[in-house]
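Peer 1: Submitted below is the structure of interest, expressed as structure tokens.
The values are calculated or read from the model by the stated rules, or taken from the named source; none is laboratory data. What you are looking at is a predicted structure, and each value in this text was computed from that prediction instead of being measured. All Cβ positions, even for glycine, are placed from backbone atoms using ideal geometry, and neighbour counts span all protein chains on display. The area values use the complete protein model at the heavy-atom level, side chains included, leaving out ligands, DNA and RNA. Shrake-Rupley method; radii C 1.70, N 1.55, O 1.52, S 1.80 Å.
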Amino acid sequence: PWIREKGSEILREQLDAAQKELKLKDKECERLSQVRDQLEQELEELTASLFEEAHKMVREANVKQAAAEKQLKEAQGKIDVLQAEVSALKTMVLTSTPSSPNRQAHPQLLSPGTRSKGASPRHGGGHTRNKSASWALPLAPGGNLDSHSLQPVREDKEMDNVLYAEFLTWKDKPSLDRTSAFLGRIYREDIGPCLSFTKSELSQSVQNAVENNSLTIEPVAVSALPMVKANAIECGGPKKCALSGMSRSCKHRIKLGDRESYYHISPSSRARITAVCNFFTYIRYIQQGLVRHDAEQMFWEVTRLRREMTVAKLGFYLTDTDQG
């Protein structure tokens, strides 16, 4: 009996030890289960955060891509417009020169009566010109004009090698700097005399405005429009030329840059100014690379424009009726 009791006591002790160990295992399993649940929750939160961040980045990328595509489309549209404008300008230069202007491309060359039916004259900077005289008037015996002898005559031409060499040197590096031999000669022989009027101070202002491309010529009739500023100063008048000071019928007036003053000019003064403007317009075209003629053609066009200035300086000019 003692042995049995001793064996039972040992068994109970072993059983208690096993139960205690099981309880410890259960607690450890419960702790590990809690750790697992916590890690799973953190993993789910991290995954959700990553997905949200990824979606946010995708949305931002889509917005930026859409903006970039819109800007690209707008830029391509602007490029197309600029290319069309350049193409039109080149076409205008190739099909319309001061010697044979395209009146559809240059509405400012229309007479006031024709202009009033359609486009209105341009205001602001730049030149508004009518084609000036480029023909010679034959004289009858005795030096008088013979209206029956105004017939076109054939003329020949011979190139001046010195003038051509000066032009070629200028054409290699075209600029509006009058210190070059080419422009210096034209200033002395053509531009200066053509823009030399009785009113010397105003003449110099006109030349400066022509050089800066800021001179405007408009019909006097436009002065009645309400867009003319009330404080604008009218110089000269419909019966007196502000440049020559002579009593002449003045159907046009000029404006120099941003000045508020307007100056009435006679048809002869207008022809002289427009002849110089035509010359500057053409050499600016050459400077900008818009003229596709060879050097010899350019030279003869420059020479013809110089002759226009000389003819205008002598007092010849075309009327609006002649210009059609």
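Peer 1: Can you report the number of residues in segment 257-304 which are hydrophobic (A, V, I, L, M, F, W, C), outside any helix (DSSP H, G or I) and at pLDDT 90 or above? Working first, answer last.
Peer 2: Initially, segment 257-304 is screened for residues hydrophobic (A, V, I, L, M, F, W, C), giving 265, 271, 273, 275-277, 279-280, 283, 286, 290-291, 295, 298-300, 302.
This time we only want the ones that are outside any helix (DSSP H, G or I), so: 265, 290-291.
Add one more test, that the residue is at pLDDT 90 or above, and what stays is 265.
Selection size over segment 257-304: 1.
Peer 1: Please work out which one of (1) touching a Pro at 6+ places or on another chain (Cβ under 9 Å); (2) open to solvent by 10 Å² or more (accessible area, probe 1.4 Å); (3) closer than 21 Å to residue 207 by Cβ is the condition residue 319 fails and give its number.
Peer 2: (3)
Peer 1: Tell me, please, whether a residue that is farther than 14 Å from residue 306 by Cα, open to solvent by 40 Å² or more (accessible area, probe 1.4 Å) and assigned to a helix (DSSP H, G or I) can be found in segment 189-196. Outline the logic, then answer.
Peer 2: Of segment 189-196, the ones farther than 14 Å from residue 306 by Cα are 196.
If we keep only those that are open to solvent by 40 Å² or more (accessible area, probe 1.4 Å) as well, we get 196.
The next check asks that each one be assigned to a helix (DSSP H, G or I); those that pass are none.
No: zero hits.
Peer 1: Quick check on segment 167-188: of everything there that is exposed (fewer than 14 other Cβ atoms within 10 Å of the Cβ) and among the basic types (Lys, Arg), which residue is farthest from residue 287 (Cα to Cα)?
Peer 2: By that ranking, first place goes to 188.
Peer 1: Among the residues of segment 197-214, which ones are open to solvent by 70 Å² or more (accessible area, probe 1.4 Å) and in a helix (DSSP H, G or I)? Write out each step before concluding.
Peer 2: Of the residues in segment 197-214, the ones open to solvent by 70 Å² or more (accessible area, probe 1.4 Å) are 198-201, 204, 212.
Within segment 197-214, 200, 201, 204 qualify.
Peer 1: Take segment 292-309 and flag every residue that is open to solvent by 10 Å² or more (accessible area, probe 1.4 Å), of a type in the set (D, E, K, R) and within 18 Å of residue 280 (Cβ to Cβ).
Peer 2: Scanning segment 292-309 gives 301, 304, 306, 307.
Peer 1: Now, a different point. Among what's in segment 42-89 and is within 41 Å of the chain's Cα centre (by Cα) and of a type in the set (S, T, N, Q), pick the residue that is least open to solvent (accessible area, probe 1.4 Å).
Peer 2: Among residues in segment 42-89 that are within 41 Å of the chain's Cα centre (by Cα) and of a type in the set (S, T, N, Q), the one least open to solvent (accessible area, probe 1.4 Å) is 87.
Peer 1: Would segment 135-151 turn up any residue that is open to solvent by less than 100 Å² (accessible area, probe 1.4 Å), of a type outside the set (A, V, I, L, M), closer than 21 Å to residue 268 by Cα and modelled with pLDDT of 90 or more?
Peer 2: no
Peer 1: Here's a check for you: in segment 249-283, which residue that is out of contact with any Asp or Glu (no Cβ under 8 Å at 6 or more places or on another chain), of a type in the set (D, E, K, R) and buried (at least 22 other Cβ atoms within 10 Å of the Cβ) is nearest to residue 220 (Cα to Cα)?
Peer 2: 270
Peer 1: Residue under question is residue 232, and the condition is that it be open to solvent by less than 60 Å² (accessible area, probe 1.4 Å) and either modelled with pLDDT under 90 or touching a strand residue (DSSP E or B) at 6+ places or on another chain (Cβ under 9 Å) (or both); does it hold?
Peer 2: Working: open to solvent by less than 60 Å² (accessible area, probe 1.4 Å): yes; either modelled with pLDDT under 90 or touching a strand residue (DSSP E or B) at 6+ places or on another chain (Cβ under 9 Å) (or both): yes.
In short, yes.
Peer 1: Scan segment 257-307 residue by residue and report those that are charged (D, E, K, R), in contact with a helix residue (DSSP H, G or I) (Cβ under 6 Å, 6 or more places away or on another chain) and within 20 Å of residue 200 (Cβ to Cβ).
Peer 2: Within segment 257-307, 272 is the sole residue that qualifies.
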